[in-house]
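Report on the structure given below.
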Amino acid sequence: MTGAALLQGVTDLLHREAECVDERRWDDWLALFHPQAEYWIPAWDSDDEYTTDPQNEMSLMYYGDRTGLEDRVFRLRTGRSAASTPMPRTCHMVSNVRVAPAADGNCVVKASFVTHLFKRNVSQSFYGHYEYLLVAQGEGWCIRKKKIIVLNDLIDTVLDIYSV
């Protein structure tokens, strides 16, 4: 696969993931994740450094595998998340996608994001960086790890999977 084709395939995956969240197509979103997918939003330890160990340090969110994401989606669907009722309208924008193929066939990806949310007549935005580990799955890719660095983490609301 050429560099341009690889970049396009990975970019398509990231855009599809954002679209699934914005359209609340949760089954399609979950299908993009490997069963052992790690989903992590580290907390900031200081103004310049974020935590590096989700097992022993504070995180804004951490799921060690996809079952945590599945549980979160269940709560959103069934209204068992009071903080997410009603669900906000969201618009995810993904840009600056950089791809680094690994020797084992996996792919390390970095990208920037901005998410706009609207709920109860209030608009908010979150922005930051994504770091992915993608593994080959059929003709495409599957998310094995996703780390989300939220740059504006001092917020007056709950941070959730749809926020970033």
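Figures for the structure shown
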{"quantity": "Longest DSSP-loop-exposure-free segment, GluC sites (Glu not before Pro), the chain, at most 11 other Cβ within 10 Å", "calculated": "50-138"}
{"quantity": "Table column - 3J(HN,Hα) (Hz), segment 118-127, Karplus curve with 6.51, -1.76, 1.60, x for Gly and Pro", "calculated": "9, 8, 6, 6, 10, 9, 9, 9, 10, 8"}
{"quantity": "Cross-link partners of residue 110 among lysines (Cα-Cα below 26 Å; sequence separation of 8 or more within a chain)", "calculated": "145, 146, 147"}
{"quantity": "Share of carbon and sulfur in the accessible heavy-atom surface of segment 38-164 [1.4 Å probe, %]", "calculated": "49"}
{"quantity": "Among 127, 107, 26 the positive-end extreme of the charge dipole of the chain (Cβ point charges)", "calculated": "26"}
{"quantity": "Value of relative contact order over the chain, rounded to a whole percent, pairs C-alpha under 8 Å and six or more apart", "calculated": "22"}
{"quantity": "Unit charges on C-beta of K, R, D, E only; dipole of segment 76-138, Debye", "calculated": "420"}
{"quantity": "Dipole magnitude (debye, nearest 20) for segment 35-164, charges at Cβ of Lys, Arg, Asp, Glu", "calculated": "760"}
{"quantity": "Local electrostatic count, residue 88, Cβ distance below 12 Å [Lys/Arg +1, Asp/Glu -1]", "calculated": "+2"}
{"quantity": "Rounded to whole Hz, the Karplus (6.51, -1.76, 1.60) HN-Hα couplings of segment 96-111, x for glycine and proline", "calculated": "6, 6, 10, 10, 10, x, 9, 4, 7, x, 6, 9, 9, 10, 10, 7"}
{"quantity": "Solvent-accessible area per residue, Å², over segment 35-164 with all protein chains present [probe radius 1.4 Å]", "calculated": "55"}
{"quantity": "Using θ = phi - 60° and Karplus 6.51 cos²θ - 1.76 cosθ + 1.60, couplings along segment 34-50 (whole Hz; Gly, Pro as x)", "calculated": "5, x, 9, 5, 9, 10, 9, 10, x, 8, 7, 7, 8, 5, 10, 9, 9"}
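The values are calculated or read from the model by the stated rules, or taken from the named source; none is laboratory data. Bear in mind that the values here come from a model prediction, so they are computed numbers and not experimental data. Virtual Cβ from ideal backbone geometry, glycine too; neighbours counted across all protein chains shown. Surface accessibility is based on the protein's heavy atoms, side chains included, excluding ligands, DNA and RNA. Shrake-Rupley method; radii C 1.70, N 1.55, O 1.52, S 1.80 Å.
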